[in-house]
Amino acid sequence: ARGGGGGGGGLGMLLERLLEAGAGGRDGDLAPSYTFFARQLPAHSRLAVSSGRYDLLPPLFRERLQQAPPPQQLPPPPFGGAPQAAGGGGLPPAGLGLVLPAWEYYLYCFCLWPLSELGGRSLEDHKPPSSVAAAASTAISALASGAQPGAATDKRPLYLQLLDSYLHLFAPPDGQPLSREGERVVEAFSQFWLCQNAPRAAPAPACVITSAASLQCLSHLVHRLNLHEAAFVAAGHGRGMAADGSAHAQLARPLLDFYQTQLKHLPDISARVVSLIQLLIRFLQPWDAPPRATPAPSASPTPAPAAASAAAAAAPPS
């Protein structure tokens, strides 16, 4: 079982249900698949596709790249993703995209939210709810999840709560190596949030500067992977870049490249420079990762209505 235990695992049930559905339908029916169009990929991957250099795509994308049926037969990704002009290089051919099972399609759409104008602004402008609104939200969440009415309220944006929940589900601090699905989840977040800019060997479009919203999300990603790494090492699996099943080993190279690129291009007076340095220091100290306060997990396998509403906003249109 992936995840288990606490840490808001109840919110992560939706992604797990989509993963289970991807194993196939009843009576031998094939599981549905969705096309994630290449124009929604990170800037350097869009450039590789539009140039026909599919060999420069990361394996995560290259192995799923197919010529899709006519676009009108398939649901387009929500949000619009990152601005299409970012990074240049033109747009990939219409209809070319990644054919994905439902859970990966949802995951990729989820990754796009903080990169979109609407998602980034909602995360950067978030203010904790008033005491009255917080009390009402706590009571509703307690009724929905089966938690005790006096449980602490998580005042973070719901997107960050969902992010923590998904990471807890697929990279739990249980001392075990990452599962195959866990590796794909970490790789997806890495490609969309850390690898907007090209590797050194690839053609380099204009640098895509990270946002405060993306750094918020990366802070949560590093925190959760620190918890996994600390438990992984404590269980005697070893540490370092060669450790199989280590989330840290998987994230190290893209994070260090990201740090170097962003530090070179961000203005010296930008507050994001401070956040960037703090992010790297946090990653280098996985043993110093206090558990992040989260609401008690749901006793029911059904996601709370608030979580389901936010997830529905990112789920594939029907």
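The values are calculated or read from the model by the stated rules, or taken from the named source; none is laboratory data. Note that this is a predicted model, so its numbers are computed, not measured. Heads up, the Cβs are rebuilt from the backbone with ideal geometry, glycines too, and the neighbour counts pull from every protein chain shown. Surface areas here come from the heavy atoms of the whole protein model, side chains and all, with no ligands, DNA or RNA. Shrake-Rupley method; radii C 1.70, N 1.55, O 1.52, S 1.80 Å.
If the condition is being assigned to a helix (DSSP H, G or I), among the hydrophobic types (A, V, I, L, M, F, W, C) and closer than 17 Å to Ala213 by Cβ, then the range 260-284 contributes Ala271, Val273, Val274, Leu276, Leu279. Can you name the residue in the range 230-258 that is open to solvent by 50 Å² or more (accessible area, probe 1.4 Å) and under 24 Å from the mean Cα position of the chain (by Cα) and is also farthest from Gln285 (Cα to Cα) among such residues? Ranking the candidates gives Asp244 first. Look at (1) out of contact with any Cys (no Cβ under 6 Å at 6 or more places or on another chain); (2) over 18 Å from Ala188 (Cα atoms) and you find that Ala252 fails only one, number (2). Would you be able to say whether some residue in the range 39-60 is part of a loop (DSSP other than H, G, I, E, B), at pLDDT 90 or above and surrounded by fewer than 20 Cβ atoms within 10 Å (Cβ to Cβ)? Checked the range 39-60: at least one residue is part of a loop (DSSP other than H, G, I, E, B), at pLDDT 90 or above and surrounded by fewer than 20 Cβ atoms within 10 Å (Cβ to Cβ). Please go through the range 95-115 and give me each residue that is open to solvent by 10 Å² or more (accessible area, probe 1.4 Å) and either hydroxyl-bearing (Ser, Thr, Tyr) or over 19 Å from Gln196 (Cβ atoms) (or both), ordered by number. The answer is Leu96, Val99, Pro101, Ala102, Trp103.
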